[in-house]
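Reviewing the structure listed below.
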Amino acid sequence: MIYLDNSATTKPYDDVLQSYITVAQNYFGNPSSLHALGGEAERLLSQSRSVIAGLLGVKHTEIVFTSGGTEGNNLAIKGTAIALRSRGRHIITTAVEHASVSEAFKQLETFGFEVTYVPVDENGAVSVQSIEQALRHDTILVSIIHVNNETGAVQPIAEIGRLLRKHPKVRFHTDHVQGVGKVPLAFYDASIDLCTISGHKFHGVKGTGILYVREGVMLDPVLSGGQQESQYRAGTENLPGIVAMAKALRMTLEKQENKIRHLNEMKQALLSFFGSMPNVILNTPNASAPHIVNVSFPGLKPEVIVHALEERDIFVSTKSACSSKAKEVSHVLLEMGRGREAAESAIRISLSVENTMSEIQQFQQIVQEVIPKLYEVTR
């Protein structure tokens, strides 16, 4: 099997799974309980919070554990909008966000908020100038994805953060789910107020996530209930998953430069390969994240390509996994001006450090066999 759908989810590391099992078996107490088992669980929770904070270069009090990227994005966006609604009801995002962001903004529009959707250029990038032009006296939130989940385009988060320093009443959120371990991001240097991370994107287990909440930032909770997670997120913490996520993050960030170099080598090999194929459209810009390659095969349906490769034990995807089963074409590629033909025939290849150059070469060979046969069938 050659697994090339790592932007959808990654295979948990063996050590990560072992940590999960150990904690689930031996530290099963509720961290909120007063007895000794609860105390042991609480200490392990606090230790994991400190480890993660240290790895991300922030304070342990700024780490809020969630169930993943979708919850983190909803908490950051809706929590900010509700908390600051008396200050203003104008919010800004881009036209190429993940569904967990775009749908949250659509819902806020039904609640009376006004949203400005900033466009991107042909490389899928938003300009700092367009953000500046969109700002108003009643703007309370700017939310910009860091690494696009479909194309790998990287947004100028640090530059936008520097712009927003001049507007201290505006909160700055970024969806860093696809960036962790692949495109470094210093939260303080980029003046980020809120940042979303998902554990299963870097070899942790599903159902785990992190929302960085800068000290002093106000949020209204999306989930009401107990006092957990500084009252931002009610519900018993997923302690085994959190410990496993802390280990996965540490393992991901170890020797990060070497891992990014390895990803880039595989990505460049793929870009060169697809660039030499006839009738193929490259949708991923050269200046992009090292782990995502998006290409279109005009005239072919992406789901047909996915299943044809699956028959050869190769796994890729169409759009984001969260919307891959929907019949709509890629809104991201349409916003980039790629045209409908490219938007309705695109597949995404996404890498992890566990992939090898040998696998990439095998994948290329099989693509050279499969794609011409598919074109023959569709004639």
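Here is a yes/no grid of residues against (1) part of a loop (DSSP other than H, G, I, E, B); (2) open to solvent by less than 60 Å² (accessible area, probe 1.4 Å):
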| site | (1), (2) |
| --- | --- |
| Pro298 | yes, yes |
| Ile305 | no, yes |
| Arg312 | yes, no |
| Leu333 | no, yes |
| Ile349 | no, yes |
| Glu376 | no, no |
Item to complete: Name the single residue, out of those in segment 191-234 being charged (D, E, K, R) and at pLDDT 95 or above, that is surrounded by the most Cβ atoms within 10 Å (Cβ to Cβ).
Response: Lys201
Worksheet item: Are there any pairs with C-beta distances below 7 angstrom linking a residue in segment 352-366 that is in a helix (DSSP H, G or I) to a residue that is charged (D, E, K, R) and open to solvent by 20 Å² or more (accessible area, probe 1.4 Å), with the two at least 6 apart or on different chains, and if so which?
Response: Met357/Glu265; Ile366/Arg312
Worksheet entry | Candidate set from segment 281-296 (those that are open to solvent by 30 Å² or more (accessible area, probe 1.4 Å) and aliphatic (A, V, I, L, M)); member that is modelled with the lowest pLDDT | Ala287
Practice prompt. For segment 101-120, name all the residues that are outside any strand (DSSP E or B) and open to solvent by 10 Å² or more (accessible area, probe 1.4 Å).
Written response: Ser102, Glu103, Lys106, Gln107, Glu109, Thr110, Phe111, Gly112, Phe113, Pro119, Val120
Worksheet, complete the sentence: Of the residues in segment 121-147 that are among the polar types (S, T, N, Q) and in a loop (DSSP other than H, G, I, E, B), the one that is least open to solvent (accessible area, probe 1.4 Å) is Ser127
Worksheet item: Would you call Val177 within 17 Å of the chain's Cα centre (by Cα), part of a loop (DSSP other than H, G, I, E, B) and under 19 Å from Ala104 (Cα atoms)?
Response: yes
Worksheet item: Which one is most open to solvent (accessible area, probe 1.4 Å) among residues in segment 4-38 that are in contact (Cβ under 8 Å) with a residue 12 or more places away in the chain, assigned to a loop (DSSP other than H, G, I, E, B) and more than 30 Å from Val316 (Cβ to Cβ)?
Response: Phe28
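The values are calculated or read from the model by the stated rules, or taken from the named source; none is laboratory data. Source: prediction; values computed, not measured. Don't worry about glycine lacking a Cβ; one is built from the backbone with ideal geometry, like all the others, and counts go over all protein chains shown. Only protein heavy atoms, including side chains, enter the accessible area calculation; ligands, DNA and RNA are left aside. Shrake-Rupley method; radii C 1.70, N 1.55, O 1.52, S 1.80 Å.
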